[in-house]
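A quick write-up on the structure given underneath.
Please treat every number below as a calculation from the coordinates, not as lab data. Computed from a predicted structure; not experimentally measured. Please note: Cβ atoms are built from the backbone with ideal geometry, for glycine as well, and neighbour counts cover all protein chains shown.
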Ligand SMILES: Cc1ncc(COP(=O)(O)O)c(C=O)c1O
């Protein structure tokens, strides 16, 4: 630091670091250890090396929760000012006055990688110009987390006296930099930007989320304490997976969220919906992800990104996500280990002209884990795997007909047996019979009725209800008796109930099985596995596609399965599931709704189950989904689980959101006509395969 008596153009420059303990996303973040040292200490020791700064102050709020922060900072020898929690602008004005500053450097406490050389260069620019405000934040070329704003105390004082809006007082500089002048008053100041010749503005080095802490801890543990920002760039370039640690979190989240209060909560979703419909029928690729599943007009329709258990919609609203992409996400969105494996593979290529070793490395894992698996072939969607299994069964038996028990994908042989069979030829429809889960007598009647007709029985071995004792055993015996191939569709149960699927849990081994969804933590990968003598027919039937063997999904699946195994994820998820079920049932009881809705006690996949209610099931479901999203929960028919949901903050959010939502629903139900409470269209059932 420059001594306060040294001559300098434009007077005394005081850096004010605004910091606090309360952060909804990362409580206590100022004291969070980053590779052993609190974040604020790292920040201050780096900032103290800036030669152009005459004095450093920390401005925090007068809330008691900041006492430990104040004690640490004072212990390090820096002056502290405590003021209003929300009026940060007045904190700055008071420190400016107390310190006798002529110019202020604003640094926020979420920038532990702040670089003294960058700070100096911005102050030098300020000193050499007549600008009122100089920063590197408006035209962003430096990573987010190296933010420096320098401004005159005259500009600060004008802001402090004229800026009235709480937003302006909380964010200190918008009145001075004028970037939001279409929405908020701004002063008439001369502003300049310092821009680095290369654009690193997409990099996120700030500390706002647990993922940021992971990234910063890695940097501080691997690089010298006082490393320069270009050293960090070089380090990240040499370790490209690091870029993915926290990449999906948006910049300047606080500002976005605050601004959004003055806009419609789903404005951008609704706008995009109208646009998407011009080019995309249904405005979605999947029925269950479409507007029909939510109260359209009062719900998010497009997501922007996800991290751990959270997703953000295109309006910036955050949700605890219990849909998880319809079950593939089992670790969490953007899991760092899976991302690292994919990144590594991306560097080598995605789709090749010959097979890669990844295919057998993944196949070997499935053979080791899944009881019926002797051989393996991969597809992209679950439907690829189920259709391949049916073709194999037909090839093996020389028969055409199949019996189905569950949902098995979008292809003709299955969809022909459902209510949504438009476009499926009648001759194909006639080849498929349905039987009810847990009704082995019905299955027996079907097989006995045409003993030589059926090639396969395919069923989900478990799901919304557990198989009755002896049911799966009887299905196994019947299929053997009638020479029918037994296929377990484990697209949902695989890697969720057990690493070996439901067949490992219930000890009944089918001839073939299909897995998909959770196996790649969100990447498109599925597999048909089974007995060698049947699987070897793959060399005679035709199951073959350009993207079979696509390597990034294979790498993701290997990393996912390895993590599921090494971190004992499945039992942990069951604990999470049981806790959510208990929590939700407690809330239903507390608000007096437990007669109408409960959560089933299936710990690996708890589901909402509805009983007779004074309003229709469709209306109750619609009101619940409407209030869930309003309270930050993307929750449909079930609690789809992922490892990141173990997080305490996540669980608290869910409990609070669910309680608030259900209290609201209870009030709606007391209205003379509860339909009055719907703020959009009622949800539409796709076709019911899961009661
Ligand atoms: C049990 C089951 N089988 C098959 C499928 C079809 O999988 P995909 O949608 O990936 O084609 C699904 C999808 O939800 C499923 O739940």
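By the count of neighbouring beta-carbon atoms within 10 Å, fewest first, 21, 9 end up ordered 9, 21. Between residue 448 and residue 613, the FRET efficiency from the beta-carbon distance, with R0 = 35 Å, is close to 0.30. Computed from Cα positions, the angle between helix 116-128 and the longest principal axis of the chain comes to roughly 50 degrees.
For region 294-440, the gyration tensor built on C-alpha atoms gives an oblate shape. Its axis ratio a/c (a ≥ b ≥ c) is at least 1.5, and a/b is not larger than b/c. Could you tell me whether region 478-567 comes out rounded, prolate or oblate from its Cα gyration tensor? Rule is a ≥ b ≥ c as square roots of the eigenvalues, rounded for a/c under 1.5, then prolate if a/b exceeds b/c, otherwise oblate. In terms of gyration-tensor shape, oblate. For region 13-244, the alpha carbon convex hull comes to 120 Å³ per residue, rounded to a whole number.
Between helix 551-566 and the chain there is an angle of about 90 degrees, using the helix long axis and the longest principal axis of the Cα atoms. Exposure proxy shown here: for 658, 519, 669, the number of other Cβ atoms within 10 Å sets the order, fewest to most, as 669, 658, 519.
Please order 610, 352, 488 by the number of other Cβ within 10 Å, starting at the fewest.
Numbers: 610 16, 352 12, 488 34.
With the sparsest Cβ surroundings first, the list reads 352, 610, 488.
A straight line joining the Cα centroids of region 472-551 and region 14-32 runs 51 Å. Can you bin region 454-496 into rounded, prolate or oblate? Criterion: square roots of the alpha carbon gyration tensor eigenvalues sorted a ≥ b ≥ c, rounded for a/c under 1.5, prolate for a/b above b/c, oblate for the rest. Note, shape of region 454-496 comes out oblate. Per DSSP H run of at least 4 residues, take -39500 (n - 2.57); add these up for the chain, divide by its residues and hand me the 222 nm value, nearest 500 deg cm²/dmol. When only DSSP H runs of four or more count, the value is -11500 deg cm²/dmol. Note: relative contact order over the chain, using C-alpha pairs below 8 Å and six or more positions apart, is 12 percent. By the Cα gyration tensor, region 351-549 has an equivalent ellipsoid whose semi-axes, rounded to whole angstrom, run 25, 19, 16 from largest to smallest.
Taking the C-alpha atoms only, the angle from helix 357-369 to the longest principal axis of the chain is near 60 degrees. Computed over region 351-549, relative contact order equals 32 percent, with contacts defined as Cα pairs under 8 Å that lie 6+ residues apart.
Of all beta bridges DSSP finds with both residues in region 351-549, what is the antiparallel percent, to the nearest 5?
Details: 9 of 25 bridges.
Antiparallel: roughly 35 percent of the beta bridges in region 351-549.
Extension gain, residue 546-residue 346: 0.36 nm per intervening residue step, less the Cα-Cα distance, totals 70.2 nm. Segment residue 427..residue 566, full-extension length gain: 45.2 nm, with 0.36 nm per residue of separation and the alpha-carbon distance subtracted.
If contacts are Cα pairs under 8 angstrom and at least 6 residues apart, what is the relative contact order of region 325-417 in percent?
Values: 26 pairs, mean separation 15.1, N = 93.
With pairs under 8 Å counted, the relative contact order is 16 percent.
The Cα center of region 592-626 and the Cα center of region 66-140 differ in position by 52 Å. Restricting the calculation to Cα atoms, every distinct pair contributes to the Kirkwood radius of the chain, found to be 28.3 Å.
Can you check how the C-alpha radius of gyration of region 115-155 compares to 2.2 N^0.38 Å, as a plain ratio? The partial results should precede the final answer.
Numbers: Rg = 10.0 Å, N = 41, 2.2 N^0.38 = 9.0 Å.
Here the Cα radius of gyration is 1.11 times the empirical estimate.
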